[in-house]
Amino acid sequence: MKDEVGVTTVGLHPQVNAMVKMRIKAKDQVRVVTGRDRGRTGRVLKVYPDENKVLVERVNLAKRHTRPNPSKGEKGGIVSKEMPIHISNVMLVCPQCHKPTRVGYSFLQDGRKVRTCKKSGDVLD
């Protein structure tokens, strides 16, 4: 595809961030499959769908230097806090079989769409 200037462009614009379907929700148990914290398990605290990231408790910890704030009663120092991790680096842990699994979808008899475990076929919702 050529634009007015004659430069060939392929694919998406470099600044466009394609959104991925978020199959992981808050309060799900996930396991980190790649990166520095590979193998660690934690609960999802928050989901950032615009950035394709999730915040997992006790995973991807970073040190933050905080200034004391006497009006709020906060002490200064070095504080560890969780940072968001990309959705592709975590897998949902099935509550029934306790294994990391991919997420599928199926419809129940009453017509509701629910998430299912790809390994055992159990309903996750």
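Values in this text are rule-based calculations from the coordinates and carry no lab data. Predicted model, so just to flag it, every value in this text is computed and none were measured. Counting neighbours? That spans all protein chains shown, and the Cβs are built from the backbone with ideal geometry, glycine included.
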### Task
Being polar (S, T, N, Q) and surrounded by fewer than 14 Cβ atoms within 10 Å (Cβ to Cβ) is the filter here, so list the residues in the stretch 99-119 that pass it.
106, 109
## Note on the structure
By residue number, the members of the stretch 54-98 that are closer than 23 Å to residue 117 by Cβ, among the polar types (S, T, N, Q) and surrounded by 12 or more Cβ atoms within 10 Å (Cβ to Cβ) are 89, 96
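Scan the strands (runs of 3 or more DSSP E) fully inside the stretch 46-96 and keep the ones with 2 or more residues being over 22 Å from residue 28 (Cα atoms) and not polar (S, T, N, Q). Even if it seems obvious, please write down each step before you answer.
On the way: elements: 53-56, 61-66, 77-82, 90-93.
Qualifying strands (runs of 3 or more DSSP E): 61-66, 77-82.
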